[in-house]
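One structure below.
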Amino acid sequence: MPGSAASAVKEFIGAHGGSAKAVLQPLGRIGVRVTLVGADGILGDQVVADLATARALVEQTDNLEEAEWDRELTSVATPAPGHALRMAGWVANS
């Protein structure tokens, strides 16, 4: 498991309520996006090489639980201010 992903996830958990849920989303050849939803609802993410690495990241990180995009999780997920503009990229500036 990449140390940078592990440290970034731990930092995210510390900054967003002390726990988080992780939704594992395969991206094909690129890897797997680990979308984080902090206890405060704020979203974050990390991309790792494969599903085995993503699952290891979840298993080895305290206060991180694997989850699915269900009603309960989507009801608390709250993008940070400006998140939509960053995700839109160049479209947001046109």
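The values are calculated or read from the model by the stated rules, or taken from the named source; none is laboratory data. Being a predicted model, the structure only gives us computed values, none of them experimental. Don't worry about glycine lacking a Cβ; one is built from the backbone with ideal geometry, like all the others, and counts go over all protein chains shown.
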(request) Take R86 and decide whether it is charged (D, E, K, R), crowded, with 17+ Cβ neighbours inside 10 Å and in a helix (DSSP H, G or I). (result) no
(message) For segment 26-46, which positions are within 14 Å of F12 (Cβ to Cβ) and among the β-branched types (V, I, T)?
(response) V34, T35, V37, I42
(request) Go through segment 3-41 residue by residue and tally those that are at pLDDT below 95 and in contact with a Pro (Cβ under 8 Å, 6 or more places away or on another chain). (result) 0
(message) Filter segment 10-35 down to the residues that are under 21 Å from A52 (Cβ atoms) and out of contact with any strand residue (DSSP E or B) (no Cβ under 6 Å at 6 or more places or on another chain) and list them by number.
(response) K10, G28, R29, I30
(request) Please identify the pairs in which a residue from segment 26-45 that is within 16 Å of G82 (Cβ to Cβ) and in contact (Cβ under 8 Å) with a residue 40 or more places away in the chain has its Cβ atom under 8 Å from the Cβ atom of a residue that is outside any helix (DSSP H, G or I) and of a type in the set (A, V, I, L, M, F, W, C), counting only partners at least 6 apart or on another chain. (result) L43/L36; L43/V37; L43/A77; L43/A80
